[in-house]
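All remarks here apply to the structure that follows.
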Amino acid sequence: MGSSEKSIKVLLLGAEESGKSTIMKQMKILYRGGYTKEEQLEYKAVVYGNILQAALAITSGMEILQIKFDTPTTTDDGKKLQKLGDTVEEGTMPSELVEILKSLWRDSGFQAAIERSAEYQLTDSAAYYLSDLDRISAPDYIPNDLDVLYARVKNTEIVEEQFTLKDYNFRMFVGGGQRSERKKWITCFEDAACIIFCAALNSYDMALVEDEEVNRMHESLHLFNSICNHKFFAGTSLVLFLNKKDLFKEKISKVPLSTCFPNYSGSNTFDDASNYIKQQFEDLNTNKGGKPIYTHMTCAVDTKDIESNFSTVADTIIKNLKECGQL
C-alpha cells in the first residue's frame, strides 16, 4: 500500500522537558524541508526571551545556593539584571542587557551556579546561548537550526506534524508534558500505530518544575509504567527514547546514579549507568513476551542522531503494521 492510502500515526509522549518538542522540530528539519528564513526569524524573540529567563534563573539560583559574585561590579550587574528583567520589552536584546549578560557569564560565581543547576530550575539551553552572545546579539542575527532546536516555548496544545518517509505518510502528535497538560493526550490516542516515549537520562538528580518534592526520573518511570501497561495500547508499538545522552555523559562522571537509585552499585560510567536506567524502564513492562520495547539512546538536538534513530523506528513500525495486516 502506498503513501496516499494510509497514514501512520505516531504519538510522542513523556514528562516535561524530556525532548518531545525538539524531536518534533527535527521531523520538520529532516522531512519537511526545514525552517524558512521567516520561520527562523520568528524564533529570534523566543531565543532572546529564553536567554533573559535563564540568566534570571541563574542569579536567583545563586541566592538560593548562597553563591556570591566575584566582584562588586558583577554584583551590581546581577542587580541591574533583576531590574532589566522587569522593564525590557519581551523578546528584545538591548545592548545594555548584552553587556550585563557577558559580564555575568565571565563571573565564576555565575558559572558555579550553572554547574549546580540541578538544585534549582534551569533550562538545558542556558549555557548554549549564553556562551555565544556575540553571534546571538548581532543586529543581523537569524537563529540557525540548532538555536531553534534549543528554543523553549511552553507547549499547551496538541501539535501535529505530517511528513513522508519511506513512501508512507506519517502523522506525529505531541502534547505538553506537565501534569496539567497530560489529560489532553487522550484526544489523540485513537488508532496510534506507535508511541515514542521520551525520558531525559540526565534528569536523575532533578526535581519536577511543578512539584519540587518529586524526582524527574521517578516521575518519568511512573508515567512510562501507566502508558506501557495501558490496555488501550496493548497492540501499539512502543519505542523508548532515552534522551539527552550528551548531558547525561557529562553529568554521570560528577553525580553518582545512586542519588536517584540507592540500590545502584555499578560504576558511574555512561554504559553501565545508562543500561541500568534502560533496565528500570524495560522492567516495568508486564507483557515482556508479547510486547517488546524498542529502546534507543538519543540526543534530540543532534539532527544526524535523530535521523538514524527515527529511520530505524520507522522500519520497525512499518514491519509491525505489515505483519498484522494493517499496511
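Things to note:
- From the list THR259, THR269, the lone residue that is in contact (Cβ under 8 Å) with a residue 24 or more places away in the chain, closer than 24 Å to ARG116 by Cβ, of a type in the set (Ser, Thr, Tyr) and touching a helix residue (DSSP H, G or I) at 6+ places or on another chain (Cβ under 8 Å) is THR259.
- Checked against (1) assigned to a strand (DSSP E or B); (2) closer than 24 Å to GLU115 by Cα, ILE196 meets all criteria but (2).
- Taking the listed residues LYS254, LYS291, the one that is out of contact with any Gly (no Cβ under 9 Å at 6 or more places or on another chain) and surrounded by fewer than 17 Cβ atoms within 10 Å (Cβ to Cβ) is LYS254, with no other qualifying.
- Meets criteria (out of contact with any helix residue (DSSP H, G or I) (no Cβ under 9 Å at 6 or more places or on another chain) and of a type outside the set (Lys, Arg)) for THR92: no
- Set LYS154, LYS102: member being modelled with pLDDT under 95, among the basic types (Lys, Arg) and either surrounded by fewer than 17 Cβ atoms within 10 Å (Cβ to Cβ) or over 30 Å from GLN326 (Cα atoms) (or both): LYS154
- Odd one out for PHE197, checked against (1) among the aromatic types (Phe, Trp, Tyr); (2) over 30 Å from GLU250 (Cα atoms); (3) touching a Gly at 6+ places or on another chain (Cβ under 6 Å): (2)
- Residues of the range 258-284 that are assigned to a helix (DSSP H, G or I) and under 15 Å from LEU221 (Cα atoms): SER274, ASN275, TYR276, ILE277, LYS278, GLN279, GLN280, PHE281, GLU282.
- Among the residues of the range 257-284, those identified as surrounded by fewer than 17 Cβ atoms within 10 Å (Cβ to Cβ) and charged (D, E, K, R) are ASP271, ASP272, GLU282, ASP283.
- Single residue of the range 15-34 satisfying the filter (at pLDDT 95 or above and in contact with a Lys or Arg (Cβ under 7 Å, 6 or more places away or on another chain)) that is surrounded by the most Cβ atoms within 10 Å (Cβ to Cβ): GLY19
- Sole residue being within 26 Å of ILE306 (Cβ to Cβ) and basic (Lys, Arg), chosen from LYS231, LYS288, LYS254, LYS278: LYS278
The values are calculated or read from the model by the stated rules, or taken from the named source; none is laboratory data. Being a predicted model, the structure only gives us computed values, none of them experimental. Please note: Cβ atoms are built from the backbone with ideal geometry, for glycine as well, and neighbour counts cover all protein chains shown.
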